[in-house]
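**Student:** My questions all concern the structure below.
The values are calculated or read from the model by the stated rules, or taken from the named source; none is laboratory data. Worth saying up front: this structure is predicted, and the values here are computed from it rather than measured. FYI the Cβ positions are ideal-geometry reconstructions off the backbone, even for glycines, and counts take in every protein chain you see.
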Amino acid sequence: MKPNPQSAIRDPQSTSGPIARDLGTPIRGVSWARLHPGRTADGRASLLASMSQNNGGLFVIDIDLETGHCRQFAVHDPANSTFAAATYRSLRTGILYIASGWDAHFHRFDANHPERGLEDLGKYDQAANAPCGIGESPDGTLWIGTYPNARLTRFDPATGRFDPLGPMDATDNYIYPLGGDDGTVAGMVKFIRPHLVVIDPRTHEHREVGPCVTDPTDKAQFLKFFKGTDRRLYLDSHAGKFRVDGMNLTPVDELPPVLPGIPSTYRHGYQAPAAMPGGWTAHFLDDNINGTGTPRNVLLANSDPLVQSRRLHLDWVGGGSNIHIIDPGPDGHLYGSSYMPNLLFRSSLDGREMADLGQHTFAMGEAYSMAVLDGKIYLGSYPEARLSVYDPAKPIHFGTGPNDNPRDLGRPDPIGLRPNALIATPDGRLWMGSSPDYGLVGGSLSWYDPRSGERKSHRAILPETTPASLLYLPELKQILVGLSVEAGTGVPIKRLDGAFALWDPARDDLAWSGDFGLPDLADVTSLAPDGHGRVYALIGRGDHILTAGPPEVRPRLALIDPAKRTLVDSAYLPEDFGPLSWHGLFSLRPGPGGAIYGATGYCFFRIKPGTCEVERIWQKVYQAKRDTLVWINSAHPDVIDVVGPIVGREFYFATGWRLRALTLP
């Protein structure tokens, strides 16, 4: 059957119907947690911390060095200023500056005047949405590196004025600036072709200097840009050691130690923790990665070995972490993970029993995919597409050893970043489809055998594509792969057409690829079998892909016959169903009576068997205006952020940090 150019059947929105129920908030962790030691104007030791969260936005805590009690200061716009992505406590003034994402606002907290709270100084660059780093010049000028387009902004704390200086590179999107006490300003540009850019602070002229990394996968190539204890800027690299002198590099034989208290350009946090008056330094003791998790325990250590160290327990209060994946486990419970921090949770189907199971991986971004094999739960997590395993029948003790549970199993290959799909096949192997790492093009399809530990990976099974969805076809004994045009973060996307592929697990090779006759095929984000040897596919484009260049597309359904390699039916979803508004992964789910259900960001629908006609089950908040859909509130409390499973007649999903359920009619 040829594709239907018209929309699938639509029903008028109904004010009656199913009612969604809140089951609870499984995780209340934080991310981007940073300790900021320093001093007040009168010379007293001062310890601040900045933390990020989804519910309530970022916040600052002023920590009592005797008791650990926290005075908590909330951000002014908690809905948009959620992540303290770039932070810096001035070594000159002791003022803490925070650049937030994804709203590109600049914030200030002065421990000398806590009554002012966490001040919002406004948006620092209208063309930016996320910060990368903050540097300071000796006159107090701050330099803010931003995403996208590796833009740089100059900020004068005395006047409160922002001067956006525009892109510092024609291709890359990230820049991490530092200021030397000799007046030099430079920034490390990442990730496609990492290199150093120097900037004239008076004329704002900029140019590339020194060596670059031509292949980010080559570990022998490296650049390490930092501020030394002599307060000058230095570059350590595979091509030698250099000092930044104005707009040039000078080779040096030796490099000084890094200066404590300066933001790092090569990892999260500071280059080294600054010391407070009296020789005190502060460190988190918790098992968290890059300040992600529930960090509450701080060690105060002294440079004098005769002064005893002390421990503090912090009493900050979290609001809730967004859920990122939900699936049924082997024991009748729901399992899932949260978003920054990536913590594992378990919930009964009615939500009455809910448990934070803690860390399950060293990839503390979020889990993208989950599969159950031999009574164990396997998860694929961002970054590095790391694989982890949890056995619900055994006690909890996170680690990497054979007796640890959950256990981090490592990275399947050096390419994968976001593990979009994870499935188990009858031969006992796990298959993962991942997007490529920052700055790379071409994702990977990899497999792992839990019995032997053997693994193998295939990059870009079709050029410039990424596996976005996987489905094992028992009739063909092959894996159907839905391919996306997603590239590594920071890479402009040039290919616009996705594809389908059939992969033979026995031969571990590509058996077929094509588009089933679908014109203008976008990203194949979700696959579901119809029970008769055919497969439904949802075709759309996630917002994170749209930011990389491709045009927006209208989501549509396709019913395909993989054995005959033909298209059975196709139809666009009704415009008033709303956009996908997220990756679209796992948004098709089997339900009662063999029917297939699906979801967009604001609508839950059922597909009429054997066709691509759809029936609206539940939808919230939309209005049509001049043939364009305008969402009344993009942060509406009923938005479907994560599509979960259908168990019995219950559809499980997440709105932000809330686990929710909807009883099917």
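**Student:** Tell me whether region 316-337 contains one or more residues that are of a type outside the set (Lys, Arg), under 21 Å from LEU35 (Cα atoms) and out of contact with any Gly (no Cβ under 8 Å at 6 or more places or on another chain).
**Tutor:** First, the residues of region 316-337 that are of a type outside the set (Lys, Arg): 316-337.
Adding the requirement that they be under 21 Å from LEU35 (Cα atoms) leaves 316-321.
Okay, now just the ones that are also out of contact with any Gly (no Cβ under 8 Å at 6 or more places or on another chain), so 316-317.
Yes, there is a match, as at least one residue in region 316-337 is of a type outside the set (Lys, Arg), under 21 Å from LEU35 (Cα atoms) and out of contact with any Gly (no Cβ under 8 Å at 6 or more places or on another chain).
**Student:** Here's another thing I want to ask about it. Scan region 332-344 for residues that are under 12 Å from PRO406 (Cβ atoms) and touching a Pro at 6+ places or on another chain (Cβ under 8 Å) and jot them down. Give the derivation first.
**Tutor:** Of all residues in region 332-344, those under 12 Å from PRO406 (Cβ atoms) come to 335, 337, 342-344.
Within region 332-344, TYR335, LEU344 qualify.
**Student:** Same structure again: What residue, of ASP120, ASP156, ASP125, ASP169, is surrounded by fewer than 16 Cβ atoms within 10 Å (Cβ to Cβ) and of a type in the set (D, E, K, R)?
**Tutor:** After applying the criteria, what remains is ASP156.
**Student:** Somewhere in region 416-427, is a residue in a loop (DSSP other than H, G, I, E, B), in contact with an Asp or Glu (Cβ under 8 Å, 6 or more places away or on another chain) and at pLDDT 95 or above? Break it down stepwise before answering.
**Tutor:** Pass one, region 416-427, residues in a loop (DSSP other than H, G, I, E, B): 425-427.
Of the ones still in play, those that are also in contact with an Asp or Glu (Cβ under 8 Å, 6 or more places away or on another chain) are none.
No; the residues of region 416-427 include none that is in a loop (DSSP other than H, G, I, E, B), in contact with an Asp or Glu (Cβ under 8 Å, 6 or more places away or on another chain) and at pLDDT 95 or above.
**Student:** So which residues in region 269-310 are in contact (Cβ under 8 Å) with a residue 60 or more places away in the chain, within 28 Å of the chain's Cα centre (by Cα), assigned to a loop (DSSP other than H, G, I, E, B) and surrounded by fewer than 19 Cβ atoms within 10 Å (Cβ to Cβ), if there are any at all? Give the steps one after another, and end with the answer.
**Tutor:** Quick first cut of region 269-310, residues in contact (Cβ under 8 Å) with a residue 60 or more places away in the chain only: 269-270, 273-278, 280-284, 287-295, 298, 300.
Retained after the next criterion (residues that are within 28 Å of the chain's Cα centre (by Cα)): 269-270, 273, 282-284, 287-295, 298.
If we keep only those that are assigned to a loop (DSSP other than H, G, I, E, B) too, we end up with 269, 273, 287-288, 290-291, 294-295.
Hits for region 269-310 are GLY269, PRO273, ASP287, ASN290.
**Student:** If you don't mind, another one. Search region 354-402 for residues being polar (S, T, N, Q) and part of a strand (DSSP E or B), and hand back the single one that is surrounded by the most Cβ atoms within 10 Å (Cβ to Cβ).
**Tutor:** The qualifying residue surrounded by the most Cβ atoms within 10 Å (Cβ to Cβ) is SER381.
**Student:** Taking the options THR214, THR171, name whichever one is in a loop (DSSP other than H, G, I, E, B), β-branched (Val, Ile, Thr) and modelled with pLDDT under 95.
**Tutor:** Details: THR214 fails: modelled with pLDDT under 95.
Exactly one residue qualifies, and that residue is THR171.
**Student:** Those residues that are closer than 20 Å to VAL524 by Cα and basic (Lys, Arg), I need them from region 396-429; list them, please. If you could, list the steps in order and put the result at the bottom.
**Tutor:** From region 396-429, those closer than 20 Å to VAL524 by Cα are 416-424; that's our starting set.
The answer is ARG418, and nothing else.
**Student:** Let me ask something additional. I'm trying to understand the selection: among the residues of region 103-128, which are outside any loop (DSSP other than H, G, I, E, B) and at positive phi?
**Tutor:** GLY122 - this is the single residue of region 103-128 that is outside any loop (DSSP other than H, G, I, E, B) and at positive phi.
**Student:** Let me ask something else about it. Within the group LEU502, LEU510, LEU483, which residue is touching a Gly at 6+ places or on another chain (Cβ under 7 Å) and assigned to a strand (DSSP E or B)?
**Tutor:** LEU483
**Student:** Ok, one more. Write out, first by first residue and then by second, each pair whose Cβ atoms fall under 6 Å of each other, whose residues are 6+ apart or on separate chains, and whose first residue, in region 582-610, is under 25 Å from GLU552 (Cβ atoms) while the second is of a type in the set (D, E, K, R) and at pLDDT below 95.
**Tutor:** As it stands, the answer is TYR602/LYS620; PHE605/ARG616, since those pairs meet every condition given.
**Student:** Sticking with this structure for a sec: Scan region 245-268 residue by residue and report those that are part of a loop (DSSP other than H, G, I, E, B) and either acidic (Asp, Glu) or farther than 21 Å from PRO201 by Cα (or both).
**Tutor:** Of all residues in region 245-268, those part of a loop (DSSP other than H, G, I, E, B) come to 246-247, 252-257, 259-262, 264-268.
Across region 245-268, the qualifying residues are VAL252, ASP253, GLU254, LEU255, PRO256, PRO257, LEU259, PRO260, GLY261, TYR266, ARG267, HIS268.
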